1. Provide the per residue accessible area, probe 1.4 Å, for the stretch 67-174, rounded to a whole number of square angstrom.
2. For the stretch 54-174, state the average projected area of the convex hull of the C-alpha atoms over all orientations, rounded to one decimal in nm².
3. Give the Cα extents of the stretch 44-115 along the principal axes, in whole Å, largest first.
4. Normalising by the residue count of the stretch 104-170, find the relative contact order in percent from Cα pairs under 8 Å and 6+ residues apart.
5. Considering only protein heavy atoms, with the full assembly of protein chains and a 1.4 angstrom probe, order 120, 55 by accessible area, largest first.
6. According to the square roots a ≥ b ≥ c of the eigenvalues of the Cα gyration tensor, what is the shape class of the stretch 109-163, taking rounded for a/c under 1.5, prolate for a/b larger than b/c otherwise, and oblate for the remainder?
7. For the ranges 40-53, 70-83, what's the packing order if you count other beta-carbon atoms within 10 Å of each residue, average per peptide, and put the highest first?
Amino acid sequence: VLMNKKLISLGVTACMLATGGVMPGFAGEGISFSDLPDGWAKNAVIYCAQEGLMLGADGKIRPQDRLTRAEMAAIINRSLKLSEKADLSGYVDVQASAWYYDDMAKAVKAGIFEGYDHRLNPKDEITRQEVFTVLARAYRLMQSDADLSKYSDSDLVASWAKESTTAMLAAGYI
């Protein structure tokens, strides 16, 4: 459960949650990323781009890159249309000039992201258990009695992520 997910997998998850699991097929009108993936993820990426959830940069969507915490915050904020911002002056690793400052402020205000030791770690790759926690908070999924022990890596789930992981499992997202 601690392995990092690729940008496409997390983007698809965020898009699926944001749309209630319904993603129509798209021909890709207006989408011109030079690195648009082929195969199973293509329509999901096109949909996310058309909906403004994934913006890309310099004409690329970077489907093979690892997703950062800041990028996840941006996707979630866009899907939920969050606008209220928290004061981030207590965090030492989020500068007001950073592209992700507003996204981190919105995610913190909504209670979707929490820091640790005065850090939000926006540039760090986000782990699956962090994604499960972010999504469970964003969509207000409640703790369940789901049994993680049937998964071979269940002992790798951190104590702080068990509630959100079982909530995501009970809701059928994992």
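1. Values: 5910 Å² over 108 residues.
Result: 55 Å² of accessible area for each residue.
2. That works out to 8.4 nm².
3. Computed over the Cα atoms, the extents are 36, 21, 18 Å.
4. Once normalised by length, the contact order is 34 percent.
5. The residues order as 55, 120, largest area first.
6. Cα axes put the stretch 109-163 in the oblate bin.
7. Details: 40-53: 18.6, 70-83: 20.7.
Answer by packing, highest mean first, reads 70-83, 40-53.
The values are calculated or read from the model by the stated rules, or taken from the named source; none is laboratory data. What you are looking at is a predicted structure, and each value in this text was computed from that prediction instead of being measured. Glycine gets a Cβ as well: all are built from the backbone with ideal geometry, and neighbour counts include every protein chain shown. Heavy atoms of the whole protein, side chains included, go into the accessibility calculation; ligands, DNA and RNA do not. Shrake-Rupley method; radii C 1.70, N 1.55, O 1.52, S 1.80 Å.
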